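Structure in structure tokens, see below.
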């Protein structure tokens, strides 16, 4: 992320609350201090107030130092919305809020019920979520994880009376500010930095309010706001979808300890242990649920890329066996597992691969039998000939006898 | 705290029923650059035009509709009148707002020679865009009406981040090993060994008898010599 050069502008009016989660990682919640904390007691009670001058640079620095942040913007809050550009999120113009005339309802059309999507961040069966506030468009940045998108029929506008239609159409014309509309527009988006720090951007604070959490979406169905707020807080707090590598080893097939160097064409076994954080028990638990992890055996470029699968019976262990390439050199076992919403897993182990030693090649080949036979028979023949020549008697054919 | 005021107002008795809107004379006309009309069809509420409409890169499509109050028949200018272009397979969407005149008439002209920015990318020519009309209002019940399926010329896909593909499994790479060094057939090596050892066979054949006598006498000589040496050794040891 590039740092915005806001040249010394300091956000004096940004309030914040700070919390430490069970993993020990910290969360900073940034919102407008004019809001009354009592209205948000379900979510914010338990967080300590931490009013301080926060500049965009310091907020980004916090992400670098692994403090997770929930950014709560609003339709009018411009300093935060300019910071959002750094994350690839472009908010609708100031004053514009999300409006949806669908579904037909008696509550104001600026309070939009959104069906909870199928997402690994959210619990199954979350009721529709009531939302009001700003919306943002999402850049094609793989670090962004869209959590909640606006409904297809919704749009962002500041005209909330029936005769405001022209304002909306003018927005699309040349020179207009553009129209934030449709299902590609996000309302709550997550962002995960390359190191794994998480930030969640929410377009309005009412999502967390006690009012919305207790309201009914339709007859007898309470809104899913409380469950949703819990889920996104848990994700940002690094409690769900948080993984780590416990250790990696490698060894030859048939051995158990790693070698200093492997020979080309060796069968090598690489194994790693992965744990996930379990928020209920508050501990790291071995996790075998990764089905698409891959191992690369790399020397400048990957020579081998293969999937590394969980071992049945050993929870949390993943193993793969492969044949070392017949190129010698310094190789690396590289695991670079990046998936949206999950902590990135990265591991590199350097291992030399040497060509076979002089006695590592196949010996006593069948093609050499004639040569062995020839050499041995020459030696035996020589011995016998020497014995006969030295010890034998030779009678000359012409005359006389020898001794 | 404007938002909280609005929420508390909603606790007042509910509005009984909002009026209904109706779409009249919805029609789509497809023509090419010369003005020849290729398709001219009224649109029905229940069925999409079949076959789906197709536009070439120089064709023009014109859609017209009139929005009226269902009960009084008076024209209405709703708050939201959008055309939504949606490709469910590739998740591409485009929203185009329409201006509704005071007579309730709205029209949209799509010239493929200069397409507006609201048309989404169509990377797959076999998948059509589903075009629907979304009408929303503060005073009337909202209305969402699918209009027609539209095949547009193939466009470049929407831009993807260069690292996007690393967030999914990458293609597997197998190393092509050098072929094992070829060894000749064992039978050939055996034949070769046989050829190498054949002089011995010949030798044994020619000197067969001589070697037999030599082997027997040699054996006797060795046995006799060993026992003689043994006797001498014992005599020497007894003497010492």
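Just need a number here: residues in region A:61-102 that are part of a loop (DSSP other than H, G, I, E, B) and farther than 30 Å from residue B:18 by Cα. Outline the logic, then answer.
First, the residues of region A:61-102 that are part of a loop (DSSP other than H, G, I, E, B): A:65-67, A:73-77, A:87-88, A:92-96, A:100-102.
With the extra rule that they be farther than 30 Å from residue B:18 by Cα, the set shrinks to A:65-67, A:73-74, A:76-77, A:87-88, A:93-94.
The number of residues fulfilling the criteria is 11.
Okay, next question. Scanning region B:175-193 for residues that are over 28 Å from residue A:371 (Cβ atoms) and either facing another protein chain (nearest Cβ under 7 Å) or in a helix (DSSP H, G or I) (or both), which turns out nearest to the chain's Cα centre (by Cα)? Give the steps one after another, and end with the answer.
Narrowing region B:175-193 to residues over 28 Å from residue A:371 (Cβ atoms): B:175-177.
Pick out the ones that are also either facing another protein chain (nearest Cβ under 7 Å) or in a helix (DSSP H, G or I) (or both) and you get B:175, B:177.
Numbers: B:175: 24, B:177: 29 Å.
The residue in question is B:175.
Turning to a different aspect of this structure: Answer yes or no as to whether residue A:92 is under 26 Å from residue B:138 (Cβ atoms) and either within 9 Å of another protein chain (Cβ to nearest Cβ) or free of Cβ contacts under 8 Å to residues at least 12 places away in the same chain (or both).
Working: under 26 Å from residue B:138 (Cβ atoms): yes; either within 9 Å of another protein chain (Cβ to nearest Cβ) or free of Cβ contacts under 8 Å to residues at least 12 places away in the same chain (or both): no.
So residue A:92 fails the test.
Identify all residues within region B:92-102 that are facing another protein chain (nearest Cβ under 8 Å) and assigned to a loop (DSSP other than H, G, I, E, B); write none if there are none.
Restricting attention to region B:92-102, the residues satisfying the condition of being facing another protein chain (nearest Cβ under 8 Å) are B:93-100.
Once the filter is applied, which keeps residues that are facing another protein chain (nearest Cβ under 8 Å) and assigned to a loop (DSSP other than H, G, I, E, B), region B:92-102 yields B:98, B:99.
When you go through (1) within 14 Å of chain A (Cβ to nearest Cβ); (2) more than 30 Å from residue A:337 (Cα to Cα); (3) part of a loop (DSSP other than H, G, I, E, B) one by one for residue B:156, which number turns out not to apply?
Unmet for residue B:156, out of (1) within 14 Å of chain A (Cβ to nearest Cβ); (2) more than 30 Å from residue A:337 (Cα to Cα); (3) part of a loop (DSSP other than H, G, I, E, B): (2).
Any residue in region A:175-191 that is more than 9 Å from chain B (Cβ to nearest Cβ) sitting within a Cβ distance under 6 Å of a residue that is surrounded by fewer than 24 Cβ atoms within 10 Å (Cβ to Cβ) and assigned to a loop (DSSP other than H, G, I, E, B)? List the pairs, counting only those 6 or more apart or interchain.
A:177/A:93; A:191/A:87; A:191/A:143
With the condition kept exactly as written, say whether any residue in region A:114-137 is more than 25 Å from residue A:227 (Cα to Cα), touching a residue at least 60 places away in the same chain (Cβ under 8 Å), within 11 Å of chain B (Cβ to nearest Cβ) and buried (at least 16 other Cβ atoms within 10 Å of the Cβ).
Step one: of region A:114-137, the residues more than 25 Å from residue A:227 (Cα to Cα) are none.
No - not one qualifying residue is present in region A:114-137.
Among the candidates B:197, B:203, B:212, which residue alone is more than 7 Å from chain A (Cβ to nearest Cβ), farther than 30 Å from residue A:345 by Cα and surrounded by 12 or more Cβ atoms within 10 Å (Cβ to Cβ)?
Values: B:197 fails: more than 7 Å from chain A (Cβ to nearest Cβ); B:212 fails: surrounded by 12 or more Cβ atoms within 10 Å (Cβ to Cβ).
So the residue among B:197, B:203, B:212 that is more than 7 Å from chain A (Cβ to nearest Cβ), farther than 30 Å from residue A:345 by Cα and surrounded by 12 or more Cβ atoms within 10 Å (Cβ to Cβ) is B:203.
Closer than 25 Å to residue A:302 by Cβ, part of a loop (DSSP other than H, G, I, E, B) and away from chain B (no Cβ under 12 Å): is that true of residue A:396 in this structure? Full working, then the answer.
Values: closer than 25 Å to residue A:302 by Cβ: no; part of a loop (DSSP other than H, G, I, E, B): yes; away from chain B (no Cβ under 12 Å): yes.
Spelling it out, it is not the case that residue A:396 is closer than 25 Å to residue A:302 by Cβ, part of a loop (DSSP other than H, G, I, E, B) and away from chain B (no Cβ under 12 Å).
Of all residues in region A:160-173, which are without any contact (Cβ under 8 Å) to a residue 12 or more places away in the chain, under 40 Å from the mean Cα position of the chain (by Cα) and more than 7 Å from chain B (Cβ to nearest Cβ)?
Across region A:160-173, the qualifying residue is only A:173.
With respect to residue A:238, determine if the residue is buried (at least 19 other Cβ atoms within 10 Å of the Cβ), within 12 Å of another protein chain (Cβ to nearest Cβ), under 16 Å from the mean Cα position of the chain (by Cα) and under 30 Å from residue A:295 (Cβ atoms).
In short, no.
Continuing with the same structure: Away from every other protein chain (no Cβ under 14 Å), modelled with pLDDT under 70 and in a helix (DSSP H, G or I): which single residue out of A:43, A:18 fits that description? Steps first, answer last, please.
On the way: A:18 fails: in a helix (DSSP H, G or I).
Among A:43, A:18, only A:43 is away from every other protein chain (no Cβ under 14 Å), modelled with pLDDT under 70 and in a helix (DSSP H, G or I).
Exactly one condition in (1) touching a residue at least 40 places away in the same chain (Cβ under 8 Å); (2) touching a helix residue (DSSP H, G or I) at 6+ places or on another chain (Cβ under 9 Å) is false for residue A:366; which is it?
In the conditions (1) touching a residue at least 40 places away in the same chain (Cβ under 8 Å); (2) touching a helix residue (DSSP H, G or I) at 6+ places or on another chain (Cβ under 9 Å), residue A:366 misses (1) alone.
Residue check: is residue A:387 assigned to a helix (DSSP H, G or I), under 26 Å from residue B:189 (Cα atoms) and either within 60 Å of the chain's Cα centre (by Cα) or more than 9 Å from chain B (Cβ to nearest Cβ) (or both)? Let's see the steps before the verdict.
Details: assigned to a helix (DSSP H, G or I): yes; under 26 Å from residue B:189 (Cα atoms): no; either within 60 Å of the chain's Cα centre (by Cα) or more than 9 Å from chain B (Cβ to nearest Cβ) (or both): yes.
Here the answer is no, as residue A:387 does not meet what is asked.
So residue A:105 ticks every box in (1) facing chain B (nearest Cβ under 10 Å); (2) assigned to a loop (DSSP other than H, G, I, E, B); (3) touching a residue at least 12 places away in the same chain (Cβ under 8 Å); (4) within 30 Å of residue B:20 (Cβ to Cβ) but one. Which box is left unticked?
For residue A:105, the exception is condition (3).
Residues that are at pLDDT 90 or above and in contact with a helix residue (DSSP H, G or I) (Cβ under 8 Å, 6 or more places away or on another chain): find the strands (runs of 3 or more DSSP E) completely inside region A:125-227 holding 2 or more of those. First the steps, then the outcome.
Details: elements: A:129-131, A:136-138, A:144-149, A:155-157, A:185-192, A:198-202, A:216-218.
Hits in region A:125-227: A:129-131, A:144-149, A:155-157, A:185-192, A:198-202.
Considering only region A:311-342, state which residues are farther than 17 Å from residue A:268 by Cα and either crowded, with 16+ Cβ neighbours inside 10 Å or under 17 Å from the mean Cα position of the chain (by Cα) (or both). Let's see the steps before the verdict.
Step one: of region A:311-342, the residues farther than 17 Å from residue A:268 by Cα are A:312-316, A:336-342.
If the condition is that a residue be farther than 17 Å from residue A:268 by Cα and either crowded, with 16+ Cβ neighbours inside 10 Å or under 17 Å from the mean Cα position of the chain (by Cα) (or both), then A:316, A:336, A:337, A:338, A:339, A:340, A:341, A:342 are the ones that fit.
The values are calculated or read from the model by the stated rules, or taken from the named source; none is laboratory data. Predicted, not measured: the structure shown is a model, and the values here were computed from it. As a convention, Cβ positions derive from the backbone with ideal geometry for all residues, glycine included, and neighbour counts pool all protein chains shown.
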